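Where a number appears in this text, it was derived from the coordinates with a stated rule and is not lab data. Given the structure is predicted, the values throughout are model-derived calculations rather than measurements. FYI the Cβ positions are ideal-geometry reconstructions off the backbone, even for glycines, and counts take in every protein chain you see.
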Amino acid sequence: MEKQELKNLYRDAVVESVGDLAAETLSEMAAELTIQMKYRNVEFSFMKKDGTLRHAVGTTNQDVLPQKENGEEYDATRPKNYAVINFWDCEKEAWRCCKTASLVSVEV
């Protein structure tokens, strides 16, 4: 999927909750984060539900992800909810997610 198409999907998912201007910025960050996590570990920050800032190092790179208990790989191509970003937390070694609308920064 191209970056612009991905950006539009994220924008459509958050525009109602944050408005046009914020949705444009958030969708750019979310698209870049999603693309970069396919290839490497990415540092980023988001606001948790309790209002605290969470710094994370995440990835969706198949070479880094663990296999499921039955030996299968995780399927990163499944349909997704673009209001949420799923990632493998490299520090906690577990699957985590954050709301697209809660992104604060992405280190590229």
Residue list for segment 1-21, filter: free of Cβ contacts under 8 Å to residues at least 24 places away in the same chain and surrounded by 13 or more Cβ atoms within 10 Å (Cβ to Cβ): Asn8, Arg11, Val15
Considering residues of segment 22-58 that are closer than 18 Å to Val84 by Cβ and of a type in the set (Gly, Ala, Ser) only, the residue surrounded by the most Cβ atoms within 10 Å (Cβ to Cβ): Ala30
Number of the condition not met by Asn61 [criteria: (1) surrounded by 16 or more Cβ atoms within 10 Å (Cβ to Cβ); (2) within 11 Å of the chain's Cα centre (by Cα); (3) not basic (Lys, Arg)]: (2)
Residue match in segment 74-96 (condition: touching a residue at least 12 places away in the same chain (Cβ under 8 Å), surrounded by 14 or more Cβ atoms within 10 Å (Cβ to Cβ) and part of a helix (DSSP H, G or I)): no
Total residues in segment 27-56, condition under 11 Å from the mean Cα position of the chain (by Cα), under 15 Å from Cys97 (Cβ atoms) and among the aliphatic types (A, V, I, L, M): 5
